[in-house]
Amino acid sequence: KSALYARGEIFNDAEGFMSGIVINNKGLDINGITFGYEYKPTGNSYIRFEWRSLIAKKEQKIFHYEEKDINHRTEILFNIGVSC
């Protein structure tokens with residue numbers, strides 16, 4: 001009925017084939033980690049809470065926060081779902 005989980009992400013597109021050119025003729029290079037908790041009150045529903053952090057290379061300031069360009073982003077997500 002409930003589960004804890006963690007996930008790591010590595011995205012390295014040095015040639016910019018998928019991400020496009022970000023800076024200095026290089027593609028996106030970003031790492032991330034996610035921690036979460038999921039509870040299933042019934043067989044076809046869930047409640048999920050996640051914390052996620054993404055960090056790009058220092059020079060790849062691809063996120064915008066409080067009037068600044070930065071290379072990291074932290075998210076807190078809360079989801080509920082039902083399948084029929």
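So which lysines pass the test for residue 58, namely a Cα distance under 16 Å, with those fewer than 8 places away in the same chain ruled out? Excluding near neighbours in sequence, the set is 26, 68. Working from label points 7 Å from Cα in the Cα-to-Cβ sense, the residue 72 to residue 42 distance is 4.2 nm. With N as its number of residues, the chain has a Cα radius of gyration that, divided by 2.2 N^0.38 Å, comes to 1.41.
None of the figures in this text is laboratory data; all of them are computed from the coordinates on show. Note that the structure is a prediction, hence the values are computed from the model and not measured. Reconstructed Cβ throughout: ideal geometry from the backbone, glycine too, with neighbour counts over all protein chains shown.
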